[in-house]
Amino acid sequence: MATDARAFWLVEPGRGEIRPEPLRAPGPDEVLVRALHSGVSRGTETLVFRGEVPRSQWDAMRAPFQDGDFPAPVKYGYLSVGVVEEGPDALRGRTVFSLHPHQTAYVVPASAVVVVPDGVPPQRAVLAGTVETAVNALWDATPLLGDRVAVVGAGMVGCSVARLLGRFPGIDCTLVDVDPARAGTAARLGVGFANPASDALPLGDCDLVVHASATSAGLQTALDLLRPEGTVLELSWYGEKTVELALGGAFHSRRLGIRASQVGVVSPARRSRYTTSQRLALALDLLRDDAFDALVTGSSPFEELPDVLARLADGSLGAICHAISYPDSHQTTDKPTDGEA
């Protein structure tokens, strides 16, 4: 049984450390969770690590169990899987997912955890928050039978969207990324792949494009792929970066559209049916699919997280999702590795 805890804190932009964390006893409607794995949400967490969250978004970007404030010191993260050690009988001993920062053990309301279904390994379950984003995006996007769809950006979110689209009958889905190594990932996800530098892109032929590269060039490519009156669904979070687009060409004459999607609230298309907890449970159920293992491209022990985040932030560690393993997780932990697993 966990009696104390340690947590990852961003001490200042560009530097993190592991700190002791006081652990109180859970109340009657709370659970004590011992962490098994957490996932680094590379795009958002590296922006936080570099101190690039705009001041205007400090409140909007708060994680559910964040401590501290932007830019630092702050305890941030939201992809945690663990075992309930204390709490209601129905949850005790169960593996659960929580939107909690990187921490060895924590106490949260019982309503803040969702049971990981049988058939979903704990390490794969760290993807639940990202698959939830993909589910919400597809509710916003409403792809139709027979559509030709491209997903630009083969990170965690883009790959999750591509895998779900690849399971839609009659949809032709292509994952587009500047890294040619992502072709292997696309194959494991069961979708096509195109590299803008070397492959012919379906320019002007896509009914829908989902953009998740967080770059101006990627968003421009997404627009160029659209057929007349098509829509780009924008999932990227840019932080303080300025986005530049060429809108003086066919943007108006082809009546193209850009629509934002964000996981903070349930899509209006399903808001009357799903709560946020039910949406997260759906994402966990979708993770029974072994193909999602292609997104976990490396693993490191918790003690190495300060170095791992620094390397992810400066680009020296290549990853889609890098998993963090905790003491007593009973899982093999490897040193950080570059590239695909």
Has region 92-113 got any residue that is buried (at least 23 other Cβ atoms within 10 Å of the Cβ), within 18 Å of the chain's Cα centre (by Cα) and in a helix (DSSP H, G or I)? no
Write out, first by first residue and then by second, each pair whose Cβ atoms fall under 9 Å of each other, whose residues are 6+ apart or on separate chains, and whose first residue, in region 219-238, is in the same structural domain as Val151 (by TED's automatic domain parsing) and on the phi < 0 side of the Ramachandran plot while the second is part of a helix (DSSP H, G or I) and β-branched (Val, Ile, Thr). Leu233/Val161; Leu235/Thr133; Leu235/Val157; Leu235/Val161; Ser236/Val157; Trp237/Thr44
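Considering only region 173-186, state which residues are hydrophobic (A, V, I, L, M, F, W, C) and surrounded by 23 or more Cβ atoms within 10 Å (Cβ to Cβ). First the steps, then the outcome.
Pass one, region 173-186, residues hydrophobic (A, V, I, L, M, F, W, C): 173, 175-176, 178, 181, 183, 186.
Correct list: Cys173, Leu175, Val176, Ala186.
If we keep just the residues of region 297-319 that are touching a Leu at 6+ places or on another chain (Cβ under 7 Å) and either modelled with pLDDT of 95 or more or outside any loop (DSSP other than H, G, I, E, B) (or both), which is surrounded by the fewest Cβ atoms within 10 Å (Cβ to Cβ)?
Step one: filter region 297-319 for residues touching a Leu at 6+ places or on another chain (Cβ under 7 Å), giving 308, 311, 319.
Next cut, either modelled with pLDDT of 95 or more or outside any loop (DSSP other than H, G, I, E, B) (or both) only: 308, 311.
Values: Val308: 25, Arg311: 19.
Among those residues, the one meeting the criterion is Arg311.
For (1) surrounded by 24 or more Cβ atoms within 10 Å (Cβ to Cβ); (2) charged (D, E, K, R); (3) in contact with a strand residue (DSSP E or B) (Cβ under 8 Å, 6 or more places away or on another chain), each residue gets a yes or a no:
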{"residue": "Ala134", "(1), (2), (3)": "yes, no, no"}
{"residue": "Leu144", "(1), (2), (3)": "no, no, yes"}
{"residue": "Ala154", "(1), (2), (3)": "yes, no, yes"}
{"residue": "Arg163", "(1), (2), (3)": "yes, yes, no"}
{"residue": "Ile171", "(1), (2), (3)": "no, no, yes"}
Just checking, which of Val120, Val151, Val157 is in a loop (DSSP other than H, G, I, E, B), hydrophobic (A, V, I, L, M, F, W, C), in contact with a Leu (Cβ under 6 Å, 6 or more places away or on another chain) and closer than 19 Å to Asp293 by Cβ? Val120
Only residues that are small (Gly, Ala, Ser) and in contact (Cβ under 8 Å) with a residue 60 or more places away in the chain: list them for region 257-295, please. Ser261, Gly264, Ser267, Ala269, Ser277, Ala281, Ala283, Ala291, Ala294
Can you pull out every residue in region 182-208 that is modelled with pLDDT under 95 and out of contact with any strand residue (DSSP E or B) (no Cβ under 8 Å at 6 or more places or on another chain)? Ala197, Ser198, Leu203
Given (1) without any contact (Cβ under 8 Å) to a residue 60 or more places away in the chain; (2) surrounded by fewer than 18 Cβ atoms within 10 Å (Cβ to Cβ), identify the lone condition not met by Val81. (2)
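The values are calculated or read from the model by the stated rules, or taken from the named source; none is laboratory data. If you're wondering where the values come from, they're calculated on a predicted model, not measured in any experiment. Cβ atoms come from the backbone with ideal geometry, glycine included; neighbour counts cover every protein chain shown.
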